[in-house]
Amino acid sequence: MQLWLIPLVPLIGFVINGVFGHRAPKRFVNFVAVGSVAISFALVLRAISALWPLDNAYVEQTYTWIQSGNLRIGVDFVLDRLSAVMLLVVSGVGLLIHTYSIGYMEHEGSYARFFSYMNLFMFFMLTLVLGGNFPVLFVGWEGVGLCSYLLIGFYYDRDYAVTAGNKAFIVNRIGDMAFIIAIFLVFLQFGTFDFAQIAAKVDTLPVEAGFGALSLITLLLFVGATGKSAQIPLYVWLPDAMAGPTPVSALIHAATMVTAGVYMVARTATMYQHTPIVMEVVAIVGLATAVVSAIIGLAQNDIKKVFAYSTVSQLGYMFLALGVGAFSAGIFHVMTHAFFKALLFLGAGSVIHAVHGEQDIWKMGGLRKKTPVTFLTLMVAGVAISGVYPFAGFFSKDEILLAAHHHAPWMYWVATATAGMTAFYVFRALFVTFFGEYRGHAHPHESPPSMTLPLVGLAILSTVGGFLNVPHFLEAMFPLAEGGHDATLVYIALATGLGGILLAFVFYVVNPGIPQSIANGLGAIYRLVVNKFYVDEIYDFLVVRPVLTSSRDVFWAMDRVIVDGAVNGVASQARAVGRVLRSWQTGSIRTYASWVAIGSVIIMLIVSIAGGVR
Amino acid sequence: MTTLLDVVLFLPIGLFLLVLLIPREMGETIRIFSTVVSIIVFLVSLGLVANFDHSQAGYQFVSQFQWVKDPNIQYKIGIDGLSLWLVVLTTFVTPIAIMISWKGIDFRLKEFHAYILLLEFCLIGIFVSIDLFQYYVFWELALLPLYFMIGIWGHGRNIYSAVKFFLYTLSGSAMMLAAILYLYSRAGSFDYEVLLAQISSGALRFTSLEESLLFWAFFIAFAVKTPLFPVHTWLPDAHVDAPTAGSVDLAALMLKVGTYSMIRFCLPLFPNAAREFAPLILTISVIGIIYGALISLAQPNIKKLVAYSSVSHMGVIVAGIFSLTQQGLDGAVYLMLAHGISTGALFIFVGFLTDRKDSLEIKDWGGLVHSAPALSAVFMLFVLASVGLPLMANFVGEFLVLQGTIQANFVLGVLAASSLVLSACYMLWLFSRVFYGERNADPNKEIYDMQPREWGAMLPMVFVLLWLGTYSHSFMPAISVANAGVMKHVSAQAEMQVRRSEPPLTPGVIVPVIAGPANAAPEVLGAR
């Protein structure tokens, strides 16, 4: 079946564009970059149709990567229904975003570098999804983090971009450390890294009533997921990641990479099902993240930042789904979210492109007549994320909310309220951008077809994507969430979403004076929200500064003074010797050679004496 | 009988003599000659790999003759899975070290190239010696070329650094010499194979005090060479003041001598002491990992930062060794190769930077990516290798080492894993300060990109880095087999210890006093 070809083709694209791209014409770069992803997409379709209906997982073993004693790591790929859904999303949405980038990056420098990084990302993301064991997944996991770092810092002459890239990499690394420790523990516990074998072994174990070894593993895995998928407490890198070009925000920081944590938890679902305590942690962290980031999103003025916080919030929903046991609903939301969030970002990119790089929504306005296609498609995305029937977000969010209600009704109510906030702040951004009068100084224009066509494609997917019954498709792997369909709960959620949109319409189109007076009324609370609860500052104070201070003022000083001081005492004695040695440096190699010879003779003598003593 | 290994060992010293014959005035000829012949040595050494039986434990290509009758000193060499790749690493790095010195070294060329070849001879000698006395001679002899390279072609406080380097390692090895002589007085042989056979068969038994003292005498010498915290402070000075080739040889090859010798001698010869002190050494190495990383964070100098990062990386290797697990040992050996390539390459890059501009202070650099994009890209690759990104050499070693360390002691394993985060911090900080930044305020406009000669030195490194990272199966089997042998010695002795329950021969008064606290160490440290 050659599953290995799926990630390999974009890797070849990366090498070609990375080595020759900067000397080649743009059309060549486009051809290689988009072509390689298109081939991957075609290969995914071929593999899925050949193995349809995928009742059993198809495993492909290529070669042994590492072997040491009883530890063996093979480069194994697996295609089952879960990876099929993810593969389609990654390669499909990836293809659309690659196409879009042709237009978006037209006038940017470093064209080839951009596309080679994007191809490299596709390689690692597809490896992550296809990986049949922990280490191969981890290769993809680290690799996508690397590409994220490279692309956030794409504009490397700007300090904030470089800083944001470093922050993303390092914060992710903290999660990765927990992840890799979990992998080590998995091996110690089960003697294998293979997902299928681990699941089989876990199935024979009882469900952990307390917090046992398995719970430690799943908790550490989840900490890893909070890094990559931007959950509390490691979400802080994602909003800053918007320093990268907008197609990057769409592909990596909205549609695909950030859902890797969700995918990983779903991939190891058997373990989670045996550790109810950790499941509860996952649900609560997910819900808390959804709420906190939605609140922050209310007061953001940068169009990409608004969508970034909404990404964090939606990822929180996915973890809520996983935590309450609705794994298929979580993956369903990964898919629909990929459609409408990629659309939101690509639309935002089209807007930014239209107003020549401006990102502040208050310097836009009235763009609906000048960029009609972008306007209409963004509206579709907004309705979809707000969970309005029959758009895609409705179906997946509905599944999550019902599962949450079945698990604990209060979770349903908090999540529903958050959905209302989501609808409100997304439409706040859209109304301020597209309605009223234009407040900037550029000459807005609609984007080229290479950009608008992917927008239309994603808009169609965001409209009808909800009718793809992913939970049913995944039923063989994950039992359907219990709870049935309570019509009342569905109507309440739907009404909250519509209410959010309506409120935004009143505040920002009908009577734009209201928000300011509310902000003034809230005072300190408003400032707290605008400053994102000062989380960055708190981390800086609690973690970054102590580490830097200790390294500069404590350890290095110690190294110089204490450890070295004792040696220098000896060394100052030795300096006299050094002067003698210096005089030896006569430049004649024969002199040195004779010293070596004399030294050897002395040693020989010592040994002879020692031998004689014996 | 002369084997291919004899050829590999003596080619460099023969070429060293040939270099001495070339008239001093023909500098360019010396350069080209040394480069070409060192590449030939490398190609010959590949013959070792081809003819090596990778599934076989024990020495191969053994060659010996009696050197001195009394004392019984032999010329005896051979390689096993442990030393095979280190020999190849030595022959691989040497031509690169010569090539990258074409620009930096501009006086006394003859001596310089002679020293590099002499060093290659000594290092191969250390890795292949089976006779302990011969091993010791090579060990001491290897100091001289490096000492002179730092002293003559170095800069800054080079004399101070050279003397410090010399005294540090010399004082470490004095105890080792005493231990070697003591072993000889007990066993009547310097032959490692004879000693090992006597010890594992029980023909040669040590009291636990004897064994502990012998273990530490060897270990301290190796720890200084590695260098392990807290005896590492010679390293940053030596690196900063050394010429590029000296740094490369030091980081890529010389440091491996210490960790190689730990596996070769400390574990199989003194297994009881190794087991007893493993928790303590594991703790020290983990402290060293974090300590080295934290100090790297504070460095304002590029070369010093890379040097301190070496302290951290070498701590990982020692942790792997003293996890006393198969994975830990395999990972440690693999990491020796990986570190040789990745840190060696980083020092080469530091040399490239020095060739372009006479400063290594981080604040003097910035925005290099605009004028030297290819240099930045390849540098980035080695930075990523150094922070342990998968598909590059270091990851394989670090993964196995951490797996082994976690198995030995969970808490220490977790602390060791923090190097993943810390290394990312200092390495990315370094990279973004030196390479990123604005083009307009670019003070490095005149900086040129990679030259063909520089590509010639770097491309083999890139190739090997990725090969090690993606297909460890080419290298690992031989290493694994050798380490399985080491593990057998360490654990077989454990069984024997249990069976042999009679009281030790030494007066009982001393043993409890000395051995008591050491025995208690595991509980105190919370280690297993």
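Taking +1 at the Cβ of each Lys and Arg and -1 at the Cβ of each Asp and Glu, which of B:Phe166, A:Leu137, A:Ala178 sits farthest along the dipole of the protein assembly as shown towards its positive end, judged by Cα position relative to the Cα centre?
Comparing the listed Cα positions along the dipole, B:Phe166 ranks first.
Work out the charge dipole of the protein assembly as shown with +1 on the Cβ of Lys and Arg and -1 on the Cβ of Asp and Glu about the Cα centre, then indicate which of B:Tyr291, A:Ser91, B:Phe399 is farthest towards its positive end.
B:Tyr291
What is the average number of partner chain Cβ atoms found within 10 Å of a Cβ in A:66-78? Write out the running numbers ahead of the final one.
Values: counts 14, 7, 20, 11, 2, 10, 0, 4, 0, 2, 0, 0, 0.
Other-chain Cβ atoms within 10 Å of each residue's Cβ, averaged: 5.
For region A:318-330, in order, what is each residue's ³J(HN,Hα) by Karplus, 6.51 cos²θ - 1.76 cosθ + 1.60 with θ = phi - 60°, in whole Hz (x at glycine and Pro)?
Here the 3J(HN,Hα) series is 4, 5, 4, 4, 4, x, 8, x, 8, 4, 5, 5, x Hz.
To the nearest 20 debye, what charge dipole does the protein assembly as shown have about its Cα centre, counting +1 at the Cβ of each Lys and Arg and -1 at the Cβ of each Asp and Glu?
For the protein assembly as shown, the charge dipole is close to 1460 debye.
List the extent of the Cα atoms of region B:71-194 along each of their three principal axes, largest first, rounded to whole Å.
Rounded to whole Å, the extents work out to 51, 30, 21 Å.
Which shape class applies to region A:220-273: rounded if a/c is under 1.5, otherwise prolate when a/b exceeds b/c and oblate if not, where a ≥ b ≥ c are the square roots of the Cα gyration tensor eigenvalues?
oblate
What Kirkwood radius, in Å to one decimal, follows from the Cα pairs of region A:324-409? Intermediate results must be reported in sequence, preceding the final value.
Details: mean 1/r = 0.0700 Å⁻¹.
It is 14.3 Å.
Considering every residue in B:420-433, what mean count of other chain Cβ atoms within 10 Å of its Cβ is obtained?
The mean count of partner-chain Cβ atoms within 10 Å per residue comes to 5.
Give me the inter-chain shielding for A:158-171: mean count of other chain Cβ atoms within 10 Å, whole number please.
Numbers: counts 3, 4, 0, 2, 7, 2, 0, 3, 7, 1, 0, 6, 6, 2.
Partner-chain Cβ atoms within 10 Å, mean over residues of A:158-171: 3.
Roughly how far apart, in whole Å, are the Cα centres of region A:220-270 and region B:139-196?
Region A:220-270 and region B:139-196 have Cα centres spaced 51 Å from each other.
Say a site is exposed when it is one of the GluC sites (Glu not before Pro), sits in a DSSP loop, and has at most 13 other Cβ atoms within 10 Å; what is then the longest site-free stretch of chain B? Spell out each step's value before the answer.
Values: sites that count: B:Glu25, B:Glu438, B:Glu446.
Free of exposed loop sites, the longest segment is B:26-437.
Please compute the volume of the convex hull spanned by the alpha-carbon atoms of region B:317-407 and report it per residue in Å³. Numbers along the way, then the final one.
On the way: hull volume 9.2 nm³, N = 91.
That works out to 101 Å³ per residue.
On alpha carbon coordinates alone, what is the Rg over Rh value for the protein assembly as shown, Rh being the Kirkwood radius?
1.01
Just how large is the dipole of chain A about the Cα centre, in debye to the nearest 20, putting +1 at every Lys and Arg Cβ and -1 at every Asp and Glu Cβ?
So the magnitude is around 1780 debye.
Using a cut-off of 15 Å between beta-carbons, work out the net charge of the residues near B:Val93 (Lys and Arg +1, Asp and Glu -1, B:Val93 not included).
Spelling it out: positives minus negatives among the neighbours equals -1.
Take the Cα gyration tensor of region A:1-89, multiply each eigenvalue by 5, square-root it, and list the three semi-axes largest first, rounded to whole angstrom. Display every interim value, and only then the final one.
On the way: eigenvalues 168, 83, 12 Å².
Calculated on Cα positions only, the semi-axes equal 29, 20, 8 Å.
Put +1 on the Cβ of each Lys and Arg and -1 on the Cβ of each Asp and Glu in the protein assembly as shown; which of A:Ala200, B:Gln56, B:Ile180 then has its Cα farthest toward the positive end of the dipole?
After comparing all options, I get B:Ile180.
Dividing the alpha-carbon radius of gyration of region A:97-222 by 2.2 N^0.38 Å (N being the number of residues), what value is obtained?
1.36
Dividing the alpha-carbon Rg of region B:61-144 by 2.2 N^0.38 Å yields what?
It is 1.28.
Charges only on Cβ, +1 for Lys and Arg, -1 for Asp and Glu: so what's the dipole of chain B about the Cα centre, in debye to the nearest 20? Please list the in-between numbers first.
On the way: 28 positive and 33 negative charges, 62 e Å.
Once rounded to the nearest 20, the dipole reads 300 debye.
Largest first and to the nearest Å, give the Cα extent of region A:370-431 along each principal axis.
Extents along the principal axes: 47, 20, 10 Å.
Cα centroid distance between region B:350-390 and region A:406-435, in Å?
If you average the Cα positions of each part, the centres end up 47 Å apart.
How do the peptides B:88-100, A:355-367, A:307-319 rank, highest first, by the average count of neighbouring beta carbon atoms within 10 Å per residue?
A:307-319, B:88-100, A:355-367
Which value in Å does the Kirkwood hydrodynamic radius of chain A take, with 1/r averaged over all unlike C-alpha pairs and then inverted?
After inverting the mean inverse Cα-Cα distance, the result is 26.3 Å.
Where Rh denotes the Kirkwood radius from the mean inverse Cα pair distance, what is Rg over Rh for region A:275-522?
0.99
Taking a point 7 angstrom from the Cα of A:Ala196 along the C-beta vector, which residues in region A:57-80 have backbone N less than 11 Å away?
Residues A:57-61, A:77-80 qualify, since their backbone N sits under 11 Å from the label point.
Add -39500 (n - 2.57) for each DSSP H run of 4 or more in chain B, then divide by its residues: what number comes out at 222 nm, to the nearest 500 deg cm²/dmol?
The helix-only estimate for chain B comes to -24000 deg cm²/dmol at 222 nm.
With equal scatterers on the alpha carbons only and no solvent term, can you work out the Debye log10 of I(q)/I(0) for chain B at 0.11, 0.12 1/Å?
Log10 I(q)/I(0), no solvent term: -0.92, -1.10.
Check cross-link reach from B:Lys363 to the lysines: straight Cα distance under 29 Å, and skip same-chain residues fewer than eight apart.
A:Lys167, B:Lys103, B:Lys164, B:Lys303, B:Lys304, B:Lys445
Within 10 Å, count the other beta carbons around each residue, average over each peptide in A:514-520, B:180-186, B:430-436, A:114-120, and list them highest first.
My ranking of the peptides, most packed first, is A:114-120, B:430-436, B:180-186, A:514-520.
Can you return the lysines within cross-link range of A:Lys397? Criterion is Cα-Cα under 19 Å, with same-chain partners fewer than 8 residues away left out.
A:Lys341
Work out the FRET efficiency for B:Leu18 and B:Leu280 from their Cβ-Cβ distance, taking R0 = 41 Å, and round it to the nearest 0.05.
About 0.25, to the nearest 0.05.
Mean projection of the alpha-carbon convex hull of region A:40-181 over all orientations, in nm²? Please list the in-between numbers first.
Values: hull surface 41.6 nm².
Mean orientational projected area (region A:40-181, Cα hull): 10.4 nm².
Dividing the alpha-carbon radius of gyration of region B:255-392 by 2.2 N^0.38 Å (N being the number of residues), what value is obtained?
Its radius of gyration relative to the 2.2 N^0.38 Å reference: 1.21.
Bear in mind these aren't lab numbers, they're just calculated from the coordinates by the rules spelled out. The structure presented is a predicted model; accordingly, all values stated were derived computationally and were not measured. Virtual Cβ from ideal backbone geometry, glycine too; neighbours counted across all protein chains shown.
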